[in-house]
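The values are calculated or read from the model by the stated rules, or taken from the named source; none is laboratory data. In this text the structure is predicted, and so the values were computed from the model without any measurement. Quick reminder, even Gly has a Cβ in these numbers, built from the backbone with ideal geometry, and neighbours come from all protein chains shown. Remember, those area values only see protein heavy atoms, side chains included, never the ligands or the DNA or RNA. Shrake-Rupley method; radii C 1.70, N 1.55, O 1.52, S 1.80 Å.
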Amino acid sequence: MGLLLDVEDTAVTRQTAEALARMGSVAAIRLIALAVAEADDNQADWLQTGVHDALVGPDGVPDVAAACGKLARDPEEAVRRGAAEISAWADGTRC
């Protein structure tokens with residue numbers, strides 16, 4: 001979470017979000033969702049950029065949508081809220 005919400009270096013935030021999104025696992029997307037729920041507007045912009053970069057890259061990650069679908073039923077409200085935001089970001093990409 002520290003890397004996803006790094007207040008000193010937005011490149012770290014973007015690169016970490018991209019790397020986790022490329023993994024596409026529920027656990028990886030859950031970390032991004034938690035960060036999205038806690039992020040300020042600037043951090044959220046960089047998280048979104050990282051996720052977007054992973055989705056539109058040559059090795060796009062269609063599993064992000066499936067992971068968000070599973071996280072929509074997570075018992076933790078912050079995770080559900082963050083997953084909904086990520087789903088909105090992914091709308092219109094390869095997901």
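Between Gln43, Thr16, Ile29, the Cα set farthest toward the positive side of the dipole of the chain (charges on each charged residue's Cβ, about the Cα centre) is that of Ile29.
Solvent exposure of the chain amounts to 52 Å² per residue of accessible area, where only protein heavy atoms count and the probe is 1.4 Å. Rounded to a whole number, what % of the accessible area of the chain do carbon and sulfur atoms account for, probe 1.4 Å? For the chain, the apolar C and S fraction of the accessible surface comes to 52 percent.
Using Cβ point charges alone (K and R +1, D and E -1), the dipole size of the chain about the Cα centre works out to roughly 480 debye.
Applied to the range 5-13, the Karplus parametrisation 6.51 cos²θ - 1.76 cosθ + 1.60 on θ = phi - 60° returns per-residue 3J(HN,Hα) values of 10, 5, 7, 8, 9, 5, 5, 5, 4 Hz, with x for Gly and Pro.
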